[in-house]
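The values are calculated or read from the model by the stated rules, or taken from the named source; none is laboratory data. Note that the structure is predicted; figures quoted are calculated from it, not measured. Heavy atoms of the whole protein, side chains included, go into the accessibility calculation; ligands, DNA and RNA do not. Shrake-Rupley method; radii C 1.70, N 1.55, O 1.52, S 1.80 Å.
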Amino acid sequence: MKIRNYRLFATGAVVSNIGTWMSRVTQDWLVLSLTGSSAAVGITTALQFLPMLLFGLYGGVIADRYPKRQLLLFTQAALGLCGVSLAVLTLSGHVQVWHVYLLAFLLGMVTVVDNPTRQSFVSEMVGPDQLRNAVSLNSANFQSARLVGPAVAGVLITTVGSGWAFMLNGLSFLAPLIGLLLMRPHELHRSVRVPRAKGQLREGLRYVRGRPDLIWPIVLVGFIGTFGFNFPIWLTAFAHEVFAGGAGLYAFFNILMAAGSLAGALLAARRRSSRVRLLILAAMAFGLLEIVIAFSPSVWMFSLLLLPIGMIGLTTNISANTSVQMAADPEMRGRVMSLYMMVFVGGTPIGGPLLGWVTDTYGARVGFATGGVVSLLAAAAIGLILTRVVGVRLKVDLRGGRPHMEFVPKEARERLATAA
């Protein structure tokens, strides 16, 4: 936060992030109100992330090729325009579910470029020495906004209607635009600009394929993102069906998850390194907690378990994000992060409708538990793979009456330095 450009970036981001979380909660509740279907909520989420699945890698090529600050000025303005458009439709009383679907897809198209550009722009603002801390603070920023946004959305939905929440979201993007304009370009760390050339997309894929310390964390977050992070579907279903609540209860669930996520982000900011064992164990704990919470008998137990789920889920995400960013070469970082984001959120078009259908057909508890089971099994399987590739073994210590499990180096094999 001592860096002026980063302070401007973070200040604008927290304002727009509050608007984004207001819009997300309001959008989910609007679709549920229009259709009464959890699957429809899943379809909306899927359409928002479908462009990342289809075109995500091209977004990384663009991020590596053009000045990132100028790209962000364009993408942030376009995101604000999407928010204002949905607000106008809702306030005029003409909104239909297909309008929400269309705008969710357009939002996703902009995000294809915005996500890898914003992720890789962080290193230009702070430099490599403070990159890990900046990534963690970005997550803390996002989760802090998640504490405020759903609460404000719940109040607005029940008092003045959904349209004003969408309008405030659209206007909130003025803050990052002003921050980007006020930055001092000469204080940015020089980035490696990749000239336009054929085969850059294939080059990025070959680069990741030849780096086990990149590909396996990306595969893991792909499973977690596709099957474990479908919270709009599950939380709306639990608030509406299981616990017979309304928009206020749904907003309350989001606030609790945000509080846990914020704690996870702040703890991650204190860590000086990202280790393979932390990533794997956090992912396994995340899946296990989702299975436990799915069968919570009361709303209070369900609510309390959302705190550790938010914390461990964010720990998993940050551990994978920072390890991938720091392992990637600067000239490849945009393409690597576009692949990371494509896998992490691009699986939502598959997992969202699928788990939405499971939730509608077999109930919210089975839907939530299914996501947890897949996440747990994926983390365990990839953990076993990494014990061979990275050169570590699993150690379980039962001495002292307290079971302890960790990954330790194999003496006979040299660990990959970037994954250690």
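When the chain is treated as a GNM with alpha-carbon contacts under 10 Å, the residue of 47, 91, 72 showing the greatest mean-square fluctuation is 91. In the stretch 226-348, the portion of solvent-accessible area held by carbon and sulfur atoms comes to 69 percent [1.4 Å probe, whole percent, DNA, RNA and ligands not counted]. Divided by 2.2 N^0.38 Å, where N counts the residues, the Cα radius of gyration of the stretch 1-76 comes to 1.45.
Per residue, the accessible area of the chain comes to 43 Å² when a 1.4 Å probe rolls over the protein heavy atoms.
In the chain, Cα pairs under 8 Å separated by at least six residues give a relative contact order of 27 percent. Note on surface exposure: 186, 94, 240, 99 rank 186, 94, 240, 99 by accessible area, highest first, 1.4 Å probe. Where the alpha-carbon atoms of the stretch 119-262 are placed on the principal axes, they occupy 54, 39, 30 Å, in descending order. When the surface is traced with a 1.4 Å probe over the full set of protein chains, residue 187 keeps roughly 70 Å² accessible. Element breakdown for the stretch 73-177 at a 1.4 angstrom probe: carbon and sulfur atoms account for 72% of the accessible area. Report, by chain and number, residues whose modeled amide H sits under 5 Å from the one on residue 245, excluding near sequence neighbours (fewer than 5 apart, same chain). When sequence neighbours closer than 5 places are left aside, the close amide H contacts are 240. So which helices of the chain fit the span-like rule, where a helix is a whole DSSP H run, its Cα atoms reach 27 Å or more along the axis, and its mean Kyte-Doolittle is at least -0.5? Passing helices, by number: 4-35, 38-65, 68-91, 97-126, 131-159, 247-270, 276-294, 299-327, 364-386.
Ordered by 1.4 Å accessible area with all protein chains kept, 68, 2 run largest first as 2, 68. Look at the alpha carbon pairs under 8 Å that are at least 6 residues apart: their mean separation over the length of the stretch 1-154 gives a relative contact order of 44 percent. With 38 Å as the cut-off, how large is the P(r) tail for the chain, expressed as percent of Cα-Cα pairs? Value for the chain (Cα pairs over 38 Å): 17 percent.
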